[in-house]
1. For the range B:15-36, which residues drop by 20 square angstrom or more in accessible area between the chain on its own and all protein chains together (1.4 Å probe)?
2. To the nearest 20 debye, what charge dipole does the range B:127-201 have about its Cα centre, counting +1 at the Cβ of each Lys and Arg and -1 at the Cβ of each Asp and Glu?
3. Measure out, as a whole number of angstrom, how far apart the alpha-carbon centroids of the range B:750-790 and the range B:377-399 sit.
4. By the gyration tensor of its Cα atoms, with a ≥ b ≥ c the square roots of the eigenvalues, what is the shape of the range B:202-273: rounded for a/c under 1.5, prolate for a/b over b/c, or oblate?
5. Taking 30 Å² as the minimum loss, tell me which residues in the range B:99-119 lose that much accessible area going from the chain by itself to the full protein complex (1.4 Å probe).
6. Per residue, how much accessible surface does the range B:1-124 expose to a 1.4 Å probe? Answer in Å², no decimals.
7. Which of the trypsin sites (Lys or Arg not before Pro) found in the range B:723-816 are loop residues per DSSP with 11 or fewer other Cβ atoms within 10 Å of their Cβ?
8. Roughly how many percent of the accessible protein surface of the range B:202-273 is carbon and sulfur, given a 1.4 Å probe and a whole-percent answer?
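The values are calculated or read from the model by the stated rules, or taken from the named source; none is laboratory data. Just so you know, these numbers come straight off a predicted model, no measurement behind them. Don't worry about glycine lacking a Cβ; one is built from the backbone with ideal geometry, like all the others, and counts go over all protein chains shown. Surface accessibility is based on the protein's heavy atoms, side chains included, excluding ligands, DNA and RNA. Shrake-Rupley method; radii C 1.70, N 1.55, O 1.52, S 1.80 Å.
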Amino acid sequence: MGLWSSFLTSLGIIKRKVNILLVGLDNAGKSTIINGLKVSAVPQTEVVPTVGFNVETFSTQHRLTFTVFDMSGQGKYRDLWEYYYPDVEAIVFVIDASDKIRACVARDELETMLQNKVLRDRKIPILFFANKMDVEGGMSPSECSGALGLEEIKDRNWTICATNGITGQGVGVGLDWLAEELKY
Amino acid sequence: MSLKRDDESDQSLYANLDKSTVLQEARVFNETPINARKCRATLTKILYLIYQSERLQTKEATETFFSITKLFQSQDIPLRQAVYLLIKELSTVAEDVIMVTASLSKDLTAKSEISKANAIRALCKITDASMIQGIERFLKQAIVDKNHAISSAALVSSLHLFGNSKDVVRRWANEVQESVNSKGGITQYHALGLLYQIRQHDRMAVIKLVQSLSRGTLRSPLAYCMLVRYTAKIMDEEEGNRAMYESLEGWLRHRNEMVVYEAARAICNMRDVTPKELFPAVSALQLMLVFAAIRTLNKLALSNPASVAPCNLDMENLITDTNRSIATYAITTLLKTGNEASVDRLMKQITGFMSEISDDFKIIVVDAIRSLCLKFPAKQGVMINFLSNILRDEGGYEFKRSIVEAIFDIIYHIPEAKEYALSHLCEFIEDCEFTKLAVRILHLLGVEGPKSATPSKFIRYIYNRIILENATVKAAAVSAMGHFAVEVPELRERIRVLLTRALDDNDDEVRDRETFSWPTLENGLVNYLAHPELQRAPFDIAAIPTVTRCVAAPGSADAQRAYAAAMEKIPELAMLGDIFKSSKPVELTESETEYVVSFNCRNTINDVVLENVSVAMTVEATTTSSQPTCHWREPWRPSTRIRCPRNIYVVYKRNSNVTPVATFGNTLKFVVKDCDPATGEADEEGYEDEYLLEDLELTTADYIQPTFVSDFGRTWEQVGQQHEMVEAFELSAITSVKDAVTKIIDILGMEACDGSYSVKDKATTHTLLLAGMFVGGIGALVRCRMAYDASSGVTLEIACRCEDPEVCERIVNSIV
Ligand SMILES: Nc1nc2c(ncn2[C@@H]2O[C@H](COP(=O)(O)OP(=O)(O)O)[C@@H](O)[C@H]2O)c(=O)[nH]1
Ligand SMILES: [Mg+2]
């Protein structure tokens, strides 16, 4: 970033751009959550599974502009997440709270991610969304935390909140936390 | 602005790009926020490298690919365009390129139409057959998009996808049909192309498509050109189809020159086109006379010079054209259409700029001259001089080959030119970098040299090749020498000395020489040299048969030698003398049955070679009253392992001077013993069994050895008419002259001379010249004149000249 623009940014005159990586198993609700955040959010009738990835940019009230890389969660694309680790400042990991069966798969993927060399060196924060809170019989955030072994993450900041991707409920709370983390 | 700047600094920016430096530079893609201008510059460099054929490794490509995916966060449209371009380039090298599917699909809904069009192209490049259904919806929409850039991008992409996903693309036929009627010219063109691909294999559908469009709904000249080609193709698929000629002729009056040309060319290329049909097309071409038009006329001039002749005046104006390609075509067209008087002038003109045109055009010139020589034999002097001059020029293989072939043609067809042309070829091989050409020329020298007035003058050239060249050329030179030795008695002694020296050559070359076949002569020589007692008499070259078959068909000669070698090992058979002729193998059983027996007939005294256990032969029918007696040779009698092939030789003795035609019935006799499948050991006891084989025929051809006569005409005259017999036959079952030639050669088992075995596919008349030696050393010549006519088949007049009237009669009558 040029000197002039970082000066303006520090004064809060222009918004700082932050790259965020959005991961999680397929069908967790990542794309749905992002759609709800877009300013010009046209209510989407149906979400198609993401083939590869998508980039969305949106502003928040926190003087930040988020550029979110919404990754596909399908098995064959999970190995490709790592291409984006070096250039993001935070990771959002979406868990499908209604999918107890695949919680262990999510845990595996999380572990692989945390063991990645790039991320071991970069202590960027992780925001967990326990999504689909509206589904009855789903896991609570603390159950999710238990199922994925989040308590074992000691070397970086993280938090978990319950969300509803369709209504957007709970997403704001999580982003507030993230904005605080990313403040200088 | 920035583009202009790039242009100006093009030299310094792109001159010395290094791949690894540029790929390092690609780190800028990972920066936040994105500097669009810088990224674009780097993308351009990578693209430049790729367009310069720089190859990226898979790993490099994949890394680059993933870093450019990050550029999707920028909304800068020029940057996005560059990203599309690089995605397309990397799509075949990098891994996991489907990663950008979602991002590209999103761009399809973007506002920018140009992004949309390019996103479609990139998307289709990264999509594989399994993913295509996912984007089908977008593509179908895009095909009928009102924006021409978008619809044509979708159509062209579909055309590419069609190769691997025919069924999916076929489902879009309605959309494609709709866009054929689009207002956009380029869309029409691409839609028509795709629609044709989709319907291509349904002839009726294509005809309907072409007919409906012929009524003039198209606007795009490009689409019209396609339509003309499809029309021409439909016509070409069916002989004599002229149903659509009127459409073609109509298009000759199209307001767009491109369409006019295409239609004219289609007419010129019609099969069996008549002068009347050609007339409007040639007139149309004459009016434009652009490069393409001249090229078409040039080609037409080969087959229909008279139809092109009306353009001659206009062509004359072009022979000095500064565009040498146009001038070349103009001159060579004139050479083909003009009269003898203009030849010298045109040749002079073209000699002036031969050095300025490329090999491709030089070949065009040579081909024109080649056909000209045959047309105006009187001009051969000028032509040969011209050809031998350019033969000395620099040039590639194809060019040199075309010259050599032209000279060959002249040698074959213009006897007066032969000597002169041969001497030019001799000079050429003195310094010829193309082995293939040297070999062909040496072969020709071997064939034609001995017949020339002073054969001796060629010996030096040929012998130089033996000393100086690589093994292949050496071998060819030895063969050529052999020809001289055989045909020119005065030179024999000299050649013997030279060849003896050659025999001292190292093994390598001797081996090569053998593969190139002068084995007979060589064996003879070796034999001669190895036995001092033989040397008291001069080397009797007449004892070496001049079989040239082995040059034409080495396989059969090899087989013959193999048989000879096998039989020599059996004393009783060796006693019978040299093999006169090995006939073609005949299958006596269906090949699935276990007892495959191949049959060889040997003819000084006839013997028959059979494989496997034992064969009983009985004479079933014969043309002579004297009953031939059968003698049995059973070299061994295997008890088991029938599959393992062994030879059984059956000797059939014919009474002296009788050469009967016979049919043999054959029975395979053997003892069957059961084998223990586990140990493979046979039972002690067996039972006798026999197996009836197909009949075997002994025909006249089996008594004739193909021989080669170098100058058929002269020999024919020497034998004279007093020894001639003529018969005429109607071969109604044979449907072409070509077939007739093959059959006759087969039936008579003689050698075709003077290249008379080659017949054009559609020829209706032909003269076949055959030579052979009947058993007992009786030479025979045959001339077959044939004519084909659809109603009566092939009419054959066969004339045989042979000093033995009986043989003469035999040969003539063996046709029926
Ligand atoms: N009930 C419920 N369904 C959700 C919620 N979030 C997403 N979905 C649904 O989950 C499915 C998968 O969503 P998608 O965003 O494509 O998941 P992604 O693969 O992680 O991007 C869609 O059918 C969404 O409508 C949620 O909070 N509650
Ligand atoms: Mg998704």
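1. Residues losing area: B:Asn30, B:Thr32, B:Pro33.
2. Working: 8 positive and 6 negative charges, 28 e Å.
The calculated dipole for the range B:127-201 is roughly 140 debye.
3. After rounding, the separation between the Cα centres reads 33 Å.
4. Working: a/c = 2.01, a/b = 1.18, b/c = 1.71.
In terms of gyration-tensor shape, oblate.
5. Buried on complex formation: B:Met99, B:Ala102, B:Ser103, B:Lys106.
6. Heavy-atom accessible area per residue stands at 49 Å².
7. On the way: sites: B:Lys738, B:Lys743, B:Lys760, B:Lys762, B:Arg783, B:Arg785, B:Arg801, B:Arg810; in loops: B:Lys760, B:Lys762.
Sites meeting the loop and neighbour criteria: B:Lys760, B:Lys762.
8. 48 percent
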